[in-house]
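Working notes for the structure below.
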Amino acid sequence: MIPKIPRRLLPALLAALLVPAAGCTAPPVPGRGPAAGASARQPQDLVPRTAPPALAALYRQPLDWKQCPDRPEAEPGEPELRCTGLKVPLDYADPGGEKIEIAVARARTGKADRRIGTLVLNPGGPGNSGVDKVFWDWESFRGTVSDHFDLVGFDPRGAGRTTPVHCLDDRTRDGWNSTDDPGYDRGRVLADACGARHATLLPHLGTRDTARDLDVLRGALGERRLDFLGSSYGTYLGALYAEQFPEWTGRLVLDGAVERSLDPVRLNGEAAAAAETALRDFAADCAGLDGCPLGRDRATAPQRLADFLDGLREHPLSTGDGRRLTATLAWNATLDVLYDGRRSWERLRQALDPAITRGDGADLLALADRANGRDEEGRYATAADAFAAITCADALMAPTDEDLRTARAELAARAPLTSRHDARAALLAPDCRPWPFRTAERPSRIRAEGSAPILVIGSTGDPVTPYVWAQRMASGFAHGVLLTRDGDGHTGYDKSDCVREAVAAFLVDGTLPAAGTHCPSD
């Protein structure tokens, strides 16, 4: 398994949210009712009592909403999109010192008479853009949610339009993404480049700092409590927010849990095993179809796929633009498509067919470029650098050589196909050992004592954030409720009407799913 790079946001393909989910019969969550709003709030009601004066002033800062520079005016039927900047301290230990500006976007509800507040979104990564989430995915919330909430997204520090971390030039990134050289030290190359360019910024990119930014945003928006929907890594951000600011939590939805109660090597091993299951399911399904390039034997198809991908190390394929499809690129393309579940299996089959049958790697290379954020001109988005910088700022401990030996043995048993190409990369995604900054924190279970109830969504066949992570996160919270989606693919909200309806019922009415509720996939 190669290092996991944040995927681009998928187009909105979702149906409107309509009615509360059947089976969601728990009583409403205590708190503000549907008619409550922010207009009656006093500024002093929005600031934590412990905030020093310089920080309290930032909670009260006015937000200057303007036309978004990279978005046209809304078409009929689209929400009003506006953008602003939120000033926060670079270093919260010195709130009166240097400031950075967080990029924020908002889609206003079209039903002002029904509005109950603001729903803040984080699409995960880490490093994905919440601004782009609002720009391009607002329609997935159309209906009950968008009727009652303004949708707000922000680019976390180090990502997108907020102090972006850009460490490798495009030519170096090409080599970094494509090399199959086992002696190439990806971790050192990236750490040295990021340290040289962003030494002052790197210590302040951790999720705890972003959680503090999130609370400043809550105050500046005029919201007494934070309503939040975080996907993938966004669940870890939401969990840390609830731990740091339990009294300010409103209705938090955490979909595709990333929990940190274990050391990163063990967590990455669990993720590799989940990806292995997805790979085997895809290959076996392909073998049942006419024309499958993996043959017709369901039992041997997974091994044939892995052998083909691994074989590109010695025999890379040519492509139309003169570049070569290496094993690393092909594995990255394959796993990235599998993240989306069976609804994208046909796309992967179509890319594998010319590669396997004719030696034409162009289609798989295009999927790899999509996964890696490379455009047709060879330019890279900064999400990959942000992914490493934020993950490594959060890196809770550096594994010892003995840790790695033990983990590699376990990985060979649990994920022999997805880990054979580069077991080190599977366990160290990314490799933070040479990083110039690391937190002093240790793995721990987040309890969030004193928070409002938190809804955690886990998918039984999630190949990125295994279902067991959602189980552990929900059971660790003092007030956590688990909603299970039965199905494959990463996260549940975009793959199940039942999940969307349950989320809408919780956000709008405070109705939590009954214990043990399961939702089918669409």
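The values are calculated or read from the model by the stated rules, or taken from the named source; none is laboratory data. Small disclaimer: the values here were computed from a predicted structure and weren't measured. Every residue, glycine as well, gets a Cβ built from its backbone with ideal geometry; the counts of neighbours run over all protein chains shown. In case anyone asks, the SASA skips ligands and DNA or RNA and just uses the protein heavy atoms, side chains included. Shrake-Rupley method; radii C 1.70, N 1.55, O 1.52, S 1.80 Å.
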Residues that are within 30 Å of residue 501 (Cα to Cα), surrounded by fewer than 20 Cβ atoms within 10 Å (Cβ to Cβ) and touching a His at 6+ places or on another chain (Cβ under 9 Å): does the stretch 159-175 have at least one? no
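To keep it simple, each residue is scored yes or no on (1) open to solvent by less than 20 Å² (accessible area, probe 1.4 Å); (2) among the aromatic types (Phe, Trp, Tyr); (3) touching a residue at least 40 places away in the same chain (Cβ under 8 Å); (4) touching a Ser or Thr at 6+ places or on another chain (Cβ under 6 Å).
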residue	(1), (2), (3), (4)
230	yes, no, yes, no
239	yes, no, yes, no
272	yes, no, yes, yes
276	yes, no, yes, yes
287	yes, no, no, no
298	no, no, no, no
310	no, no, yes, no
Of (1) among the small types (Gly, Ala, Ser); (2) closer than 20 Å to residue 152 by Cβ; (3) touching a residue at least 12 places away in the same chain (Cβ under 8 Å); (4) not in a strand (DSSP E or B), residue 96 satisfies all except one. Which? (2)
Keeping to the stretch 479-522, report how many residues are part of a helix (DSSP H, G or I) and among the hydrophobic types (A, V, I, L, M, F, W, C). 9
Please note which helices (runs of 4 or more DSSP H) are completely contained in the stretch 167-282 and include at least 1 residues that are over 20 Å from residue 441 (Cβ atoms). 170-178, 186-198, 207-220
Tally of residues being open to solvent by less than 50 Å² (accessible area, probe 1.4 Å) and polar (S, T, N, Q) across the stretch 393-423: 2
Looking at the stretch 118-144 only, could you name the residues that are assigned to a helix (DSSP H, G or I) and either over 16 Å from residue 491 (Cβ atoms) or open to solvent by 10 Å² or more (accessible area, probe 1.4 Å) (or both)? 131, 132, 133, 134, 135, 136, 137, 138, 139, 144
Assess whether residue 348 counts as being crowded, with 18+ Cβ neighbours inside 10 Å, without any contact (Cβ under 8 Å) to a residue 60 or more places away in the chain and farther than 20 Å from residue 126 by Cα. no
Any residue at all in the stretch 194-203 that's aliphatic (A, V, I, L, M), surrounded by fewer than 18 Cβ atoms within 10 Å (Cβ to Cβ) and more than 19 Å from the chain's Cα centre (by Cα)? yes
Filter the stretch 428-470 down to the residues that are of a type in the set (Lys, Arg) and under 22 Å from the mean Cα position of the chain (by Cα), then identify the one that is surrounded by the fewest Cβ atoms within 10 Å (Cβ to Cβ). 442
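Regarding residue 482, is this residue aliphatic (A, V, I, L, M) and open to solvent by 30 Å² or more (accessible area, probe 1.4 Å)? Steps first, answer last, please.
Working: aliphatic (A, V, I, L, M): yes; open to solvent by 30 Å² or more (accessible area, probe 1.4 Å): yes.
Here the answer is yes, as residue 482 does meet what is asked.
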Is one or more of the residues making up the stretch 147-156 out of contact with any Asp or Glu (no Cβ under 9 Å at 6 or more places or on another chain), open to solvent by less than 20 Å² (accessible area, probe 1.4 Å) and over 19 Å from residue 221 (Cβ atoms)? no
When restricted to 95, 89, 79, the only residue surrounded by 11 or more Cβ atoms within 10 Å (Cβ to Cβ), touching a Ser or Thr at 6+ places or on another chain (Cβ under 8 Å) and farther than 16 Å from residue 223 by Cα is 79
So the helices (runs of 4 or more DSSP H) completely within the stretch 367-427 holding 3 or more residues that are touching a residue at least 12 places away in the same chain (Cβ under 8 Å) and within 24 Å of the chain's Cα centre (by Cα) are 383-394, 423-427
